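Okay, structure first, notes after.
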Amino acid sequence: MTVIPVSGGAFATYDVVVGRGLLAEAGARIAPIARGRTVIISDETVAAIHGATLQASLEAAGVKSEIVAVPPGEASKSFAELERLMDRLLAAGLDRKDVVVALGGGVVGDLAGLAAALYMRGIDFVQVPTTLLAQVDSSVGGKTAIDTPRGKNLVGAFHQPRLVLADIDMLGTLPDVQMRSGWGEVLKHGLICDAAYFDWLAADGAAGVTGDPAALERAVVRSVEIKSAVVGEDEKEAGRRALLNLGHTFGHAIEAELGFEEAALAHGEAVALGCCMAFRFSVERGLCEAAEAQRVEAVIAAAGLPTRLDQAGAFEADRLIALMAGDKKAEAGGITLILARRIGEAFVQKDVDVARLRAFLKTEGAA
Ligand SMILES: NC(=O)c1ccc[n+]([C@@H]2O[C@H](COP(=O)([O-])OP(=O)(O)OC[C@H]3O[C@@H](n4cnc5c(N)ncnc54)[C@H](O)[C@@H]3O)[C@@H](O)[C@H]2O)c1
Ligand SMILES: O=C(O)C(=O)C[C@@H](O)[C@H](O)[C@H](O)COP(=O)(O)O
Ligand SMILES: [Zn+2]
């Protein structure tokens, strides 16, 4: 078991606990925070698989709980589902000192975190991430949000959890496509700032994407360490935190064009594709060697993730550009992209030349 503290000047320090068998002992860790009762927010799939274990563990630690389950999938990150959820929390009679527990993937964590940020102007919450993506990324750092048809995560809040419990054993029931999707964010962490980590992920660590628990545990720990360091320095993305968005300006635009239809593309798949595009655009701009981009593509493809735009569908360059201009990193109408000088060295590029970006998207196959 590894405990990684997340600490920044502006928020209370919390621990991310990574290990095996943590769900069955979660109650003892949550009880000191939960004051005798809690509402577990989950999705219907996860609640059916893991809900009873968490409830039994809470019960044994003297914490009564009820589960509120939303439909699985990105569509639950919506105003409609948020409204239903707030009503369920009010009906449960939670007060300001109560906490909610998010049991699920990034969808549940983002939605439950936002509900906690809004409920009575903000109550505490605990993250129990059940997907690889949520363990390495979304449960840490306090970004919470819902989507709108105009784009991903456009309505949200920064609200840090009190505790994160990442039980590697829960990944045993995860579908392969979700394991690959999480691996997209894992590879992203290496690409941003840790070439040695990327080398390991490309070699021995690659066993993680096929479910090897030891490789998974090491990947979760290293990714959380990277994310914790970045978030501790820059909670609200005034600067360095934007690096965690490598692959996302392209990826989010592609997801929005596909109507957030995960059957077409899961978030981490879109991020993996977006990372390839960011490296290729860096090469086109003369900022990065072509060999680096080719290696990124080879490693991403070997993990069964998409590397080319046409693998995701048919797109129009101007529609993707309009969505990218609506991204939260955009400033005064100028598009911001995260680009790279090499594997392990990403940087923030503001005011991207739109004509060059359009031409690039056309070379990528957009109409
Ligand atoms: N807040 C952040 O910092 C952050 C970071 C990355 C991604 N995200 C967001 O996270 C979301 C994607 O999260 P995700 O990839 O975890 O998807 P998800 O939450 O939709 O989960 C994927 C699927 O796996 C199922 N599932 C979850 N855990 C399972 C388990 N242990 N066993 C079996 N099935 C299980 C779910 O029911 C769902 O159908 C996106 O909305 C993305 O924008 C947020
Ligand atoms: O934590 C961050 O910061 C990230 O950018 C992590 C991303 O993987 C994640 O998808 C995040 O939700 C994207 O944030 P957004 O601000 O671009 O919506
Ligand atoms: Zn992401």
If we ask which residues in the stretch 220-275 are assigned to a helix (DSSP H, G or I), small (Gly, Ala, Ser) and buried (at least 24 other Cβ atoms within 10 Å of the Cβ), their number turns out to be 8
The residue from Gly205, Gly211 that alone is on the phi > 0 side of the Ramachandran plot, surrounded by fewer than 24 Cβ atoms within 10 Å (Cβ to Cβ) and without any contact (Cβ under 8 Å) to a residue 60 or more places away in the chain is Gly211
Quiz item: What about Glu297, is it more than 16 Å from ligand 1 (Cβ to nearest atom), assigned by TED's automatic domain parsing to the domain that holds Ser181 and either among the hydroxyl-bearing types (Ser, Thr, Tyr) or touching a Cys at 6+ places or on another chain (Cβ under 8 Å) (or both)?
Solution: yes
Just to be sure, is Asp199 away from ligand 1 (no atom under 15 Å from the Cβ), without any contact (Cβ under 8 Å) to a residue 12 or more places away in the chain and surrounded by fewer than 23 Cβ atoms within 10 Å (Cβ to Cβ)? yes
Taking the stretch 331-357 and keeping residues of a type in the set (A, V, I, L, M, F, W, C) and at pLDDT below 95 leaves Ala332
Exercise. crowded, with 24+ Cβ neighbours inside 10 Å and either within 16 Å of ligand 3 (Cβ to nearest atom) or aromatic (Phe, Trp, Tyr) (or both) - does that describe any residue in the stretch 115-122?
Worked result: no
Looking across the stretch 54-102 at residues that are hydrophobic (A, V, I, L, M, F, W, C) and in a loop (DSSP other than H, G, I, E, B), the single one that is farthest from Leu23 (Cα to Cα) is Leu94
Within the stretch 336-351, residues being in contact with a Leu (Cβ under 8 Å, 6 or more places away or on another chain) and either over 23 Å from Asp310 (Cα atoms) or charged (D, E, K, R) (or both) number 7
Over the stretch 328-367, the set of residues in contact (Cβ under 8 Å) with a residue 24 or more places away in the chain, hydrophobic (A, V, I, L, M, F, W, C) and outside any helix (DSSP H, G or I) is Ile335, Leu337, Ile338, Leu339, Ala340, Ile343, Ala346, Phe347, Val348, Ala366, Ala367
Requested in this report: Could you tell me whether Gly51 is crowded, with 22+ Cβ neighbours inside 10 Å, assigned by TED's automatic domain parsing to the domain that holds Asp169 and assigned to a helix (DSSP H, G or I)?
Outcome: no
(request) Would you be able to say whether some residue in the stretch 143-155 is within 13 Å of ligand 3 (Cβ to nearest atom), under 19 Å from Val220 (Cβ atoms) and out of contact with any Cys (no Cβ under 6 Å at 6 or more places or on another chain)? (result) yes
- Message: So for the stretch 146-163 (the condition being more than 12 Å from the chain's Cα centre (by Cα), near ligand 1 (Cβ under 10 Å from one of its atoms), among the hydroxyl-bearing types (Ser, Thr, Tyr) and over 18 Å from Ile4 (Cβ atoms)), does at least one residue qualify?
- Response: no
Flagged pairs (Cβ under 8 angstrom, 6 or more apart or on separate chains; first in the stretch 80-99, more than 13 Å from Ala116 (Cα to Cα); second surrounded by 14 or more Cβ atoms within 10 Å (Cβ to Cβ)) are Glu81/Val70; Glu81/Ala75; Glu81/Leu111; Glu81/Ile146; Arg84/Val70; Ala92/Val39; Ala92/Val68
- [ ] Could you tell me whether Val283 is in contact with a His (Cβ under 7 Å, 6 or more places away or on another chain) and modelled with pLDDT of 95 or more?
- [x] no
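The values are calculated or read from the model by the stated rules, or taken from the named source; none is laboratory data. All figures in this text were calculated on a predicted structure; none of them were measured in a lab. Glycine gets a Cβ as well: all are built from the backbone with ideal geometry, and neighbour counts include every protein chain shown.
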